[in-house]
Structure formats: C-alpha cells, structure tokens
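Presented below is the structure to which this report refers.
The values are calculated or read from the model by the stated rules, or taken from the named source; none is laboratory data. As the structure is a computational prediction, the values presented were derived from the model and not from experiment. In this analysis, Cβ positions are derived from the backbone assuming ideal geometry, glycine residues included, and neighbour counts consider all displayed protein chains. For the accessible areas, the whole protein counts, side chains as well, though only heavy atoms, and no ligand, DNA or RNA atoms are used. Shrake-Rupley method; radii C 1.70, N 1.55, O 1.52, S 1.80 Å.
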Amino acid sequence: MLRRPGLRGVALRESLADAYDDWLRGLVRPVDGLALAAVGGLGRREPAPYSDLDLVLLHDGKRDGLAPLADRIWYPIWDSGLGLDHSVRTPDQAVAVAKDDLKAMLGLLDIRHVAGDEAMTKATRERVRESWRATAMARSMQLHELSLERQEISGEAAFLLEPNLKDSCGGLRDAQALYALAIAQVVDVPIAVRTAYGLLLDVRGELHRRAERAEDVLRLQEQDGVGAALGLAAGDGRDAVLRQVNQAARVIAHTLDGAWRRAQPPIRRRRFGRAPAAPERVGLARDVVAHDGEIGLAREAAPASDPGLVLRAAHAAAEHNLPLADFTLSRLAAEAAPVPVPWPALVREDFLDLLGTGAAAVAVLEALDLAGLLARLIPEWDTVRSKAQHNPVHRFTVDRHLLETAAQAARHTRSSPRPDLLLVGALLHDIGKGYPGDHSVAGAPIAERIAGRMGFADEDVRVIAAMTRHHLLLPDTATRRDLEDPATLRIVTDAVGESGELLNLLHLLAIADAAATGPAAWSEWKAGLIADLVRRVAAVMHGADPEAMPPLDEERRELAGRGQVAVVVREDEVIVAVPDRVGALYRTAGVLALQMLDVRSASIRTHAGMAVNHFSVESRFGRMPDPARVRAELLRVLDGDTGLAARLRDKERAYTREPAGDREPPTIHWFDDEATDATVLEYRAADAIGLLCRVTAALERCQLDVVSARVSSVAGSVVDAFYVTTRDGRLVPPARRADIEAELRKA
C-alpha cells in the first residue's frame, strides 16, 4: 500500500484503516457477546503508516476461556511486527476506566466497531460519551494540564524549526482535545482547525512513510521530501512544508486557548443565595472593556471610524494580561479603519506602550497576526511570518524571534534614554530575513520605511535603520577582533558615527537579541567582551586615546624568565610559556584539545625568547585539568611526539556524532583594514575537537605568524579570527592568499 503512487493524505489513511479492518475481522471468531473495537488513531480512521494499533476486546462477562480467543487476535499482530496496545474489558469496565483515567477516556471517545457484536460496541461508545458530557467541564482543567505538560516537553509547534507533530503545542493531540470538548458541546471546531488538523495528519503520514518508522518530529532533513510528496515544496523548498505546519499549529493552539477560557469560566461570587450576577463590563480605555475575562469593545465602539481602536484594545489586553476575545478580533478584522500614514502620535504611543509591556505583548501580537491585523500595521510582516531559521542557535521562527526580542528589550528600557527606539529597533532588527542577501543590509531600508510610516522623526528613522543594519556589530566585533587593537575600536566608531545614543541602543539590542535567540547565544564571557568593547569605544568617543596594549604582567614575565616550559591553570584560563619557535602554538592548542578544553580566545606575546600564550578556555566537562599533567603532555609533544594528530582524531571520533563527510566545507575571509600591522583572517567551519590545532598548524606551514586570535564557538560552528603576518612582520599579500586558503581547507 505504501508503494502505491499518489496514495497520500486522506486516501492513505482511509486505505490503511480499511486494510486493518479487513485483516482484523479475519482474526475474530464470530462469538455471541464478543466485539473487537478500535480506539485512538485507528478508531478515528486516521492511522499513520507505522503507528501502533489500539484495540479493545469487549465481552459480556458471561464467557469462560477468553484468553485463547484474545490470543488468536493478539499473537498474529505481534508476529507481524506492528506495535499493539490492547485490553480486554466488559462495557462496564471500559466505562469505569474512562471515568478514572482521562487518557483512557479520550481514547474511548472514538471507539469504533471492527468485528463481532456491533451493538455492544455502540452501547459502550454512547455510555462513554454520556459520561464525558456530564464531566467535561469539571475535567477540562485536567485536560488543560495534560496539554501544558506536553508543551513543556515538546515546545510550541507554531514556532519550532523541528516541531513534534503530535505532542507540541498546537499539534495533533491538542486538536484531538478540541474535538473532545466539541463532543461535550463545550466548543465548536471551526473549519480552519479541521483544515489544519488534516494538514498535520498528511505531513505525519508522509514522515512515517519516509522514515519507515513511527516518527513524529519533523526533522530538517525530512522536510524537503515530505513537502515534495505532498506538493507543498514548490518555490520555498523545505520552508514551505515547515511554514504550513507552523501556521496550522498556530490555528490549533489559538483556538484551544479560547476553548480553555470557555470551559473554565471565572468563578463568580453568589450574593444572598441568588444566581451569579451578570459579569460586569469594566472600561479599560476609550471603547475598550474587560468582560468575562476577555477584552471586548464597548457597545458604542465604531471601529470603522476609529483607526486607533485596534492598538488601544491590544495595549489594554497586554497591560491587563487578558486575551482579546475572538469576537473582538473578528469584528476588528472586518470593520477596523486603516491607520493613516504617517501614524498619528496617539496610535504610535499605544503601539509603543504595547511593546513596553514585555512578555505580555507577545501573545497579544500573535493574536493580532492570526486575525490579519498585524500585517495591516506592518505589511512587511508577511515576509517573516513562520519563516524558518536554518541556524541551530535559534529556537524560534523569525516572526516569533522578533516578538521575543522586543519583549526582552522591554526589560532594559530604563537603561536607555530612547526606550521607544530600542523597542521598535528590537522588533524590526531581523526584518530583512524575509528578503535575499545579508539580512542586516537588506533589512535597514525596510526598517527605515516602516519607521517612517509609524511617524518617527527623520533622525529617529535613521537610528532605527542603523540599529537594523548594525545589530550584529557589537557581538561579532567583540568575539572576533582584538579589543586592544585601535583598529577594532575604529570599526565601531565608524559604524555608529560617533553617536553615544546609537552605541547604547546597539548594546541593549545585542543583549535582548541573544536572550530571545536561545541559551547558546549568550554567556558571561560574551557579555563581558561586549561590555568591554562598549566601554573602550565610549571612552574614545569622549576624546580618550585608545588603551594601549598592557605590558606583560609580572607573572608572565617571571614565567618567561625561567626559560623552560611552564603551565598555569585557573578557572577559565590557561597560561603557557614555551620556547618561541615554529610549531609551538599549534602543539599547545592540540594539547589543550586533548584535555577537552575549548579555546575562546588567545593572546600571543613574546619575552626573553619565550612565547607566553594566554588562552581563555571552557572545559567541556566542567573540570579544569591538572597543570602538571598538561605540562607533561606538552613536553612530550614539543620533544617530537608525533602521535598528536592521531590522538586528536581518536578523541574526535569518540566525542563527535556527525560524520566528517557530512560537514559543510569551511569558508575563509580576509580583512585588510580591521587590524593594526596585521591581516585578519576569519576561518568559519563546523566545530571539531582539535580544529584549532589543525588550523594553526596549517598557518604555520604557510609561513605565517599568528599575532593574536579570537575563537568563537556557538552551537557546533566556529568563527576563528587570526591576526597574521608574514614571517618578516608584513601584511599578507593578496597573491599568496589562494594557496593559504587551499592549505586551510585541507585542515
């Protein structure tokens, strides 16, 4: 069946269900008082190719010898290799289990007759559903908790790059929870949810077919094939299927959130033994009220003549942490007047106040987007909605990342003299990811256009555009350039145009951007480097001379003065003194790699014929090595131990999952104007144990001296910046670079 061309989606599920039913009927001996029923996916007639079968053997309790009868059914299924979840129960037992176990109840709601006494199956189904209708409101909180537990583990499918189609928030189980509430007549299931649910089922079916196993996580490597099989991949490749899955999950999650509110209404106080009074309508802003735990419109509201109403309602919702009612969103979408361009000051202020609420604004802006209202305010939002980010550092799609960055920026508004520019700059900093080319370059004119429509003054518009263009300036410069080099400070001062305000905004934006990206994007080490860079640049902008390279401190001079190999190990640094000769740097880097130390930066200084190298490091396993052991290892390597490369390869094989052949090739970039008396060479590649050793060895084979180095490793990728000169201290001539690049790629 799985090999039939064109058998996809609903047709595949129906064919599988029919095939299973026919096969199972042949396993059931016709006996009075006995019925075989399907629950779960097969019960709903929507099995995925490699899903388990969930079956219940119902009996009237009057028959002996049930075990042999059951074995005639279960054993052929086990022998086939299919997974099986089975039970043998009377109808009374099935109803009792459903009353005690919510998960069992959800499965039994869809119990479907397969073979035997059909009346028994039908009666069981009606009794289970009757029990559910009587208790659904009371048990909705428990159902909600199950959904939250799944979300805690599997995240939100609407914004994940590899969503779990079944268990993520907005996935199949959440849609099934909606159907369960609909059976109890608590909610209706709208057409949009039915369509979204069908899409997730279609994608899951093709995912199973391609993986040839029960797989529910839509991995990046499967997205192209799944999309092509379903005809979803035209134009956008893997992003097409992911975007549709994200949007389907968003519809399901939003609808389920509204269902929870209806199933769990606020408890209202009874007065004098009477029925609860009608809920009050509390005014929150002009023509905006809170009613029954949601944000609604006043009776006299006129959206068609009030262009500021959408943002007033949104601000009130975020400020009071209440959801916008679905009816309110629908009415605003149908009737709201367009906002004049440029925006009136009051409209802009409501938008800024909304962003300023921080985390509360995220859900409100998501609701506006789902209703089509956010794109009316910012038409460019369409290009980033559910846009995937093919970068393991990121945990969210582009649109959600922008909302999260603005929410994080709201935590720092008191640290900036221009909180309005910080919030809008944070919201727009990655808007260029919906367009070809470098997203920072592409995004600047787009952000400028949006800020102009919002009614900002011309100078403020230019600042917001500059924030978008340079939002990576500080983190990239701090982690890839030598902060003691005056040329590094010039890179930043030239970009910010001597503006202390822009420097402050970029610093706060870098913090917010990293916090919204994910844990791999930030660390105390990175925060310290950026803060140090900002301090140095600010000092220069106020007229101070660039800080000179500090003299070699007394400890390092003393180490060099010994004239022998010395090693100092501290919490996050290693200092190594070795004779200044060719090959010392790469051998030292190799020894540190054998000790499972990741090098973050390196400073190379010479004194009295000795190289005194300082490495900022991080231990992969949290423990720093014994300095005596490091020194002994280093002595062996410096004395001609030729086994270093082989041991590094063994170490890499032991601790690296990805085969070397699957890695993308490295890229090499040259920068002639970003260092004083040196050429900056950036080597970007997949991270690997011993990579720094191999790269520095290649540089030394190319007769280059490494003056200093900045090493940055995030989420399995490295950007290593080396300050290099020729052996006679000159800049690296362009004519030599092709040969150097070839040697580096071999590394």
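Under the condition of being assigned to a strand (DSSP E or B) and among the basic types (K, R), the residues counted in the range 680-720 number 2. What's the number of the condition D513 fails, among (1) among the acidic types (D, E); (2) touching a residue at least 60 places away in the same chain (Cβ under 8 Å); (3) not in a helix (DSSP H, G or I)? For D513, the exception is condition (3). The set of residues in the range 450-459 being part of a helix (DSSP H, G or I) and either under 18 Å from D350 (Cα atoms) or under 28 Å from the mean Cα position of the chain (by Cα) (or both) consists of I450, A451, G452, R453. The residues of the range 147-184 that are open to solvent by less than 40 Å² (accessible area, probe 1.4 Å), modelled with pLDDT of 90 or more and farther than 22 Å from P47 by Cα amount to a single one, A184. If you go through the range 325-358 and keep only what is at pLDDT below 95 and among the aromatic types (F, W, Y), you end up with just F327. Has the range 384-404 got at least one residue that is crowded, with 23+ Cβ neighbours inside 10 Å and either among the basic types (K, R) or more than 30 Å from L220 (Cα to Cα) (or both)? Yes - at least one qualifying residue is present in the range 384-404.
Looking only at residues that are without any contact (Cβ under 8 Å) to a residue 12 or more places away in the chain and in a loop (DSSP other than H, G, I, E, B) in the range 416-443, which one is least open to solvent (accessible area, probe 1.4 Å)? Break it down stepwise before answering.
Step one: list which residues in the range 416-443 are without any contact (Cβ under 8 Å) to a residue 12 or more places away in the chain, which gives 436-439, 442.
Pick out the ones that are also in a loop (DSSP other than H, G, I, E, B) and you get 436-438.
Details: P436: 118, G437: 67, D438: 89 Å².
That would be G437.
Provide a single number: the residues in the range 370-387 that are assigned to a helix (DSSP H, G or I) and either closer than 20 Å to R449 by Cα or among the polar types (S, T, N, Q) (or both).
9
Candidates in the range 641-655 are the residues that are in a loop (DSSP other than H, G, I, E, B) and modelled with pLDDT under 80; of these, the one that is least open to solvent (accessible area, probe 1.4 Å) is D641. Just so you know, in the range 352-383 the residues that are of a type in the set (D, E) and free of Cβ contacts under 8 Å to residues at least 60 places away in the same chain include one that is surrounded by the fewest Cβ atoms within 10 Å (Cβ to Cβ), and it is D382.
Out of A544, A539, A608, A584, I need the residue that is closer than 28 Å to A487 by Cα, out of contact with any Ser or Thr (no Cβ under 9 Å at 6 or more places or on another chain) and open to solvent by 60 Å² or more (accessible area, probe 1.4 Å). Which one?
Working: A544 fails: open to solvent by 60 Å² or more (accessible area, probe 1.4 Å); A539 fails: open to solvent by 60 Å² or more (accessible area, probe 1.4 Å); A584 fails: open to solvent by 60 Å² or more (accessible area, probe 1.4 Å).
Of A544, A539, A608, A584, the one residue that is closer than 28 Å to A487 by Cα, out of contact with any Ser or Thr (no Cβ under 9 Å at 6 or more places or on another chain) and open to solvent by 60 Å² or more (accessible area, probe 1.4 Å) is A608.
Would you point out which residue out of L370, L322 is in contact with a Lys or Arg (Cβ under 7 Å, 6 or more places away or on another chain) and at pLDDT below 95? Full working, then the answer.
On the way: L322 fails: in contact with a Lys or Arg (Cβ under 7 Å, 6 or more places away or on another chain).
Testing whether each residue is in contact with a Lys or Arg (Cβ under 7 Å, 6 or more places away or on another chain) and at pLDDT below 95 leaves just L370.
Open to solvent by 20 Å² or more (accessible area, probe 1.4 Å) and among the hydroxyl-bearing types (S, T, Y): is that true of T413 in this structure? In short, yes. Remark: pairs (first residue in the range 331-351, part of a helix (DSSP H, G or I); second residue open to solvent by 50 Å² or more (accessible area, probe 1.4 Å); Cβ separation under 9 Å; 6+ apart in sequence or on different chains) = A333/R376; E335/A304; V347/P340; R348/P342.
S15 falls short on exactly one of the conditions (1) in contact with a His (Cβ under 9 Å, 6 or more places away or on another chain); (2) at pLDDT 95 or above, and that condition is (1).
When the range 620-639 is filtered for residues that are in a loop (DSSP other than H, G, I, E, B) and either open to solvent by less than 50 Å² (accessible area, probe 1.4 Å) or at pLDDT 90 or above (or both), the ones remaining, listed by number, are M624, P625, D626. Looking at V576, V612, V582 in this structure, which one is within 19 Å of A709 (Cβ to Cβ) and in a loop (DSSP other than H, G, I, E, B)? Just a single option satisfies the conditions, and that option is V582. Exactly one residue out of A48, A35 is touching a Gly at 6+ places or on another chain (Cβ under 7 Å), part of a loop (DSSP other than H, G, I, E, B) and either buried (at least 19 other Cβ atoms within 10 Å of the Cβ) or of a type in the set (G, A, S) (or both): that is A48. Of all residues in the range 476-510, which are in contact with an Asp or Glu (Cβ under 9 Å, 6 or more places away or on another chain), in a loop (DSSP other than H, G, I, E, B) and surrounded by 22 or more Cβ atoms within 10 Å (Cβ to Cβ)? Once the filter is applied, which keeps residues that are in contact with an Asp or Glu (Cβ under 9 Å, 6 or more places away or on another chain), in a loop (DSSP other than H, G, I, E, B) and surrounded by 22 or more Cβ atoms within 10 Å (Cβ to Cβ), the range 476-510 yields only R481.
Cβ-Cβ distances below 6 Å connect the following pairs, each with a first residue in the range 725-744 that is over 19 Å from L692 (Cα atoms), a second residue that is polar (S, T, N, Q), and a separation of six or more residues or different chains: R727/Q703; L731/T679; V732/T679. Please determine whether any residue of the range 54-68 is under 19 Å from L172 (Cα atoms), open to solvent by less than 10 Å² (accessible area, probe 1.4 Å), at pLDDT 95 or above and among the aliphatic types (A, V, I, L, M). No: the range 54-68 contains no residue that is under 19 Å from L172 (Cα atoms), open to solvent by less than 10 Å² (accessible area, probe 1.4 Å), at pLDDT 95 or above and among the aliphatic types (A, V, I, L, M). When each of L704, L691 is tested for being at pLDDT below 90 and buried (at least 20 other Cβ atoms within 10 Å of the Cβ), the lone residue that passes is L691.
Just one of the listed residues (M120, M137) is open to solvent by 10 Å² or more (accessible area, probe 1.4 Å) and at pLDDT below 90, and it is M137.
Within the range 185-205, the residues that satisfy the criterion of being open to solvent by 20 Å² or more (accessible area, probe 1.4 Å) and in a loop (DSSP other than H, G, I, E, B) are Q185, V186, D188, P190.
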